[in-house]
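Engineer: Encoded as structure tokens, here's the structure I'll be asking about.
What follows is calculated from the coordinates using simple rules that are stated; it is not laboratory data. Model, not experiment: these values are computed from the prediction. As a convention, Cβ positions derive from the backbone with ideal geometry for all residues, glycine included, and neighbour counts pool all protein chains shown.
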Amino acid sequence: MHALKKNRPLRRIVLASAATVSGMVMLLSLKPHSTPAAAVAVPAPSSSSSSSSGSGGSSGSGGSSGSATGTKTVTGDTVQTRWGPVQVRITLKDGKLTEVTAVTYPTENPRDQEINSYAIPRLRGEALEAQSANIDTVSGATYTSDGYRQSLQSALDSAGG
């Protein structure tokens, strides 16, 4: 009986060691979501595809005249988030926010696509309703929501003067 009591602590030590080693191997085998080079390369094509604004700038005051009347399209800054870059383009008509388009957002894997397929339309609706960047975070899309809000605010700041 005395010999069995000695084996149990040894068994526990072996099992705990094996579990620790297995956990470390799994942790170290995780790959990052995206490489920094890929995250930097994504915004470049989107900034050159300026459809209706005539300036083509990725951030700044790309739009029409400086007056408060007329239609103005401005692209916000690209915000780097944990899962990838987020960039928003806005259209203002007579000083009122009439359109918000997510130019760049994470779509690298199916999970990103699933999350952003419901998050981006909700963020757009919130922004149009609030007429500002003071919008709620979409549950499950915190990083995208934060990046969207920051890019939207930079576009609004640029449009305002």
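Engineer: What is the calculated FRET efficiency for D94 to D136, with r their C-beta to C-beta distance and R₀ = 22 Å, to the nearest 0.05?
Structural biologist: Taking R0 as 22 Å, the efficiency between D94 and D136 is 0.25.
Engineer: Right, another one. At what distance in nm do the modelled label points of D157 and E114 sit from each other, each positioned 7 Å from its Cα along Cα→Cβ?
Structural biologist: With each label point 7 Å from Cα toward Cβ, the separation is 3.5 nm.
Engineer: Label points 7 Å out from Cα along the Cβ direction at L10 and T107: separation in nm?
Structural biologist: Between L10 and T107, the simple spin-label model gives 6.0 nm.
Engineer: Now a separate question. Once phi is turned into θ = phi - 60°, what whole-Hz ³J(HN,Hα) does the Karplus curve with 6.51, -1.76 and 1.60 give for every residue of segment 116-124, x standing for Gly and Pro?
Structural biologist: 6, 5, 9, 6, 4, x, 5, 5, 4
Engineer: With +1 on the Cβ of every Lys and Arg and -1 on the Cβ of every Asp and Glu, and nothing else charged, how large is the dipole of segment 107-160 about its Cα centre, in debye rounded to the nearest 20?
Structural biologist: The dipole of segment 107-160 has a size of about 60 debye.
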